[in-house]
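So the structure is just underneath, and the comments pick up after that.
The values are calculated or read from the model by the stated rules, or taken from the named source; none is laboratory data. Because the structure is a prediction, the values reported are computed rather than measured. Cβ atoms come from the backbone with ideal geometry, glycine included; neighbour counts cover every protein chain shown.
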Amino acid sequence: MAGSAIILMSTPSAPSNVTISNNNTNMTSTFHHSYEILINDSRLLTQNYQSEIGKWRIKQYDNKTMMSVTDNYLPMFQKSVGGVEALKPTTENYIQAKEWYTKSLQSEIESYRHFRNFLENGSPIEDEKSTQLLSDALRYEFNSFAAFNNQTNNQTPFV
């Protein structure tokens, strides 16, 4: 395709091979770039937090320490939500991508809040809720990527 730029995303489930035509407005290009940055930043944040959970699982952290770690990470995740909410989508699919990704991050945050509650009181219900919300977050993220890749017109998103 002459006169187009191809952006390759570095994460396996993130949007890939996104074509930005030179005929599109600069705002579309800006949305693409901003979305990519937010995806990469939030993915790194999640990986870092999951690494901390790994330390808790191998008993390097006790529950109290892990609660403190969670308390420190929650505002960072909330900041990611603010970044996504600030995006200015230029098409219906991009609006959907933004909405699904916001929902994904919010579900991830709620998952970690329930995980924190589990750490504090040992309730298996809190642990189950945390796991379910994290699973939901992954589904919402997938839907966001599908919308971003303009696939939502032909597919029904997971809900």
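Computed quantities for the displayed model
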{"read-out": "The range 57-95 - residue that is within 19 Å of Phe142 (Cβ to Cβ) and of a type in the set (A, V, I, L, M) and, of those, surrounded by the fewest Cβ atoms within 10 Å (Cβ to Cβ)", "value": "Ile95"}
{"read-out": "Selection status of Lys59, on the phi > 0 side of the Ramachandran plot and at pLDDT 85 or above", "value": "yes"}
{"read-out": "Subset of the range 32-53 [touching a residue at least 60 places away in the same chain (Cβ under 8 Å) and closer than 12 Å to Tyr101 by Cβ]", "value": "Tyr35, Leu38, Ile39, Ser42"}
{"read-out": "Some residue of the range 130-149 being among the polar types (S, T, N, Q), over 16 Å from Ser80 (Cα atoms), more than 9 Å from the chain's Cα centre (by Cα) and at pLDDT below 95", "value": "yes"}
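To keep it simple, each residue is scored yes or no on (1) under 15 Å from Leu38 (Cα atoms); (2) in contact (Cβ under 8 Å) with a residue 24 or more places away in the chain; (3) among the aliphatic types (A, V, I, L, M).
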site: Lys55; (1), (2), (3): no, no, no
site: Asp62; (1), (2), (3): no, no, no
site: Thr70; (1), (2), (3): no, yes, no
site: Ala97; (1), (2), (3): yes, yes, yes
site: Trp100; (1), (2), (3): yes, yes, no
site: Phe115; (1), (2), (3): no, yes, no
site: Phe118; (1), (2), (3): no, no, no
site: Lys129; (1), (2), (3): no, no, no
